[in-house]
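Asker: Provided herewith is a single structure, encoded as structure tokens, for subsequent inquiry.
What follows draws every value from the coordinates through simple rules; no lab data is involved. Here the structure is a predicted model, which means the values were calculated and not measured. Reconstructed Cβ throughout: ideal geometry from the backbone, glycine too, with neighbour counts over all protein chains shown.
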Amino acid sequence: MKKTFLLFAPCLAFLFLCACASQCPLNAPCPAAAPAPPAPAPKHAKPYRIHVVRKGDTLWHISKMYQVSMRDLIAVNHLSNPSHLIAGSRLIIPSKAYTHPTKASFSSEQANRVRREGFIWPVKGRIITYFGKSKKKISKGIVIQAPAGTPVKAAKSGKVVYSGWYGPFGHTVIIQHPGGYSTVYAHNQKNLVKVGQWVAQGQAIARVGKTGHASHPCLEFEIRRENQAVDPLIYLRAQ
């Protein structure tokens, strides 16, 4: 038995060396093991929180609770009467990532031209939420259902004063118009305009999406007069 093993030992060693050579040539180093896939990047924290107003809450108390200024709370929630909070309503609590919309200025020619315009529909579709108070929430605009990617058009000519992420509204564009009006376009898949840009009525400013708290593709559209939300259906032309 021992002699038999000694006879076959050189053959076994030769076969072992041939196997190694087929995988790693002697004149080249063996490749290193594949590196482990990188860990997924951490998700960024949302730039807002939501506070459900309780009976007895005041804006001052809420601002102290979350350590945010009353000015920011009023601005981001468009509160026309900050001293009167409705129990059960939801307030956006902005973080340091929140930036205020800018203010636009217009030439006399722009102002005169735009004042002659009415408001057109920003997108065609079925209205699934109407302006005003419902059983679930208070809506400051209307929500129009439309296919994802549909172009969103400027309802009236004006200047873009905000284009970015706007809390639960997702990607949002705000356009200011002469005469104290502004329009809001929320839950966009993508914004197509930048702050300071002049846009003409009917120009594509975004694409319909479902960002923010939207669960399906839609456009949340608001018209504000002197920073107070009004019913868009009063101003929009018949489709």
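Asker: Output wanted: per-residue J couplings in Hz (rounded whole) for the stretch 199-213, from phi through Karplus 6.51 cos²θ - 1.76 cosθ + 1.60, θ = phi - 60°, x for Gly and Pro.
Answerer: Working through the residues one at a time gives 10, 8, 4, x, 6, 5, 10, 6, 10, 4, x, 9, 7, x, 8 Hz.
Asker: Then there's this: Report, to two decimal places, the Cα Rg of the stretch 48-94 normalised by 2.2 N^0.38 Å (N = number of residues). Let's see the in-between values first.
Answerer: Details: Rg = 9.3 Å, N = 47, 2.2 N^0.38 = 9.5 Å.
Dividing the Cα radius of gyration by 2.2 N^0.38 Å gives 0.97.
Asker: Would you mind working out the magnitude of the charge dipole of the stretch 98-239 relative to its Cα centre, with +1 at each Lys and Arg C-beta and -1 at each Asp and Glu C-beta, to the nearest 20 Debye?
Answerer: Working: 21 positive and 6 negative charges, 47 e Å.
With Lys and Arg at +1 and Asp and Glu at -1, about 220 debye.
Asker: What does the charge count around Ala206 come to, taking other residues whose C-beta lies under 11 Å from its C-beta (Lys +1, Arg +1, Asp -1, Glu -1)? Could you put the intermediate results ahead of the total?
Answerer: Values: positive: Lys153, Lys190, Arg207; negative: none.
That sum, taken over residues with Cβ under 11 Å, equals +3.
Asker: Mean 1/r over all different Cα pairs, inverted: what Kirkwood radius does the stretch 108-235 give, in Å?
Answerer: Here the Kirkwood hydrodynamic radius works out to 14.4 Å.
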